[in-house]
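The values are calculated or read from the model by the stated rules, or taken from the named source; none is laboratory data. Since we're looking at a predicted model, the values are computed, not measured. Reconstructed Cβ throughout: ideal geometry from the backbone, glycine too, with neighbour counts over all protein chains shown. Side chains included, ligands, DNA and RNA excluded: accessible areas come from the protein's heavy atoms. Shrake-Rupley method; radii C 1.70, N 1.55, O 1.52, S 1.80 Å.
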Amino acid sequence: ALKTPSGLASKVLRVGLASSHPRPESMVTVHYTGWTADGKMFETTMTDKQPVTLRVTDAIPGWIEGLQLMRAGEKRRFWIPGSLAYDNNPNPEFPKGMLVFDIELVRLQ
């Protein structure tokens, strides 16, 4: 796995063939599944097969950093430290600690 200075780790599961990477202001369409460190799935777009479109900067810090490493068509697994996820969010419904996400960058706009 590749590890960045922030502690974000990732592994490419499927190579993307596009030439450009998302920028912070980019709109992206993604499929994703998220798990807690103990393997409990807490969120996915795969159940209803509907990808999500969002601005890169509207995501958690781990996604903001990670999405900019990707190319359209790529699928990557991320290990996101709690400090780059929801540890600083006071909402008790958000999972705390390290999270694992599989993210497929369907489209870069």
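Evaluated over the range 1-104, the count of Lys pairs having alpha-carbon atoms less than 20 Å apart is 7 (only pairs 8 or more residues apart or interchain).
Heavy atoms only, 1.4 Å probe, whole protein assembly: order ILE60, ILE80 by accessible area, highest first.
Largest accessible area first, the residues go ILE60, ILE80.
The helix-based estimate of mean residue ellipticity at 222 nm for the chain, built from -39,500 (n - 2.57) per DSSP H run of four or more residues and divided by its residue count, is -1500 deg cm²/dmol to the nearest 500. The solvent-accessible area of LYS49, taken with every protein chain present and a 1.4 Å probe, is close to 130 Å². Annotation note: GluC sites (Glu not before Pro) in the range 15-109 located in DSSP loop regions with a Cβ neighbour count of at most 11 within 10 Å are GLU25, GLU93.
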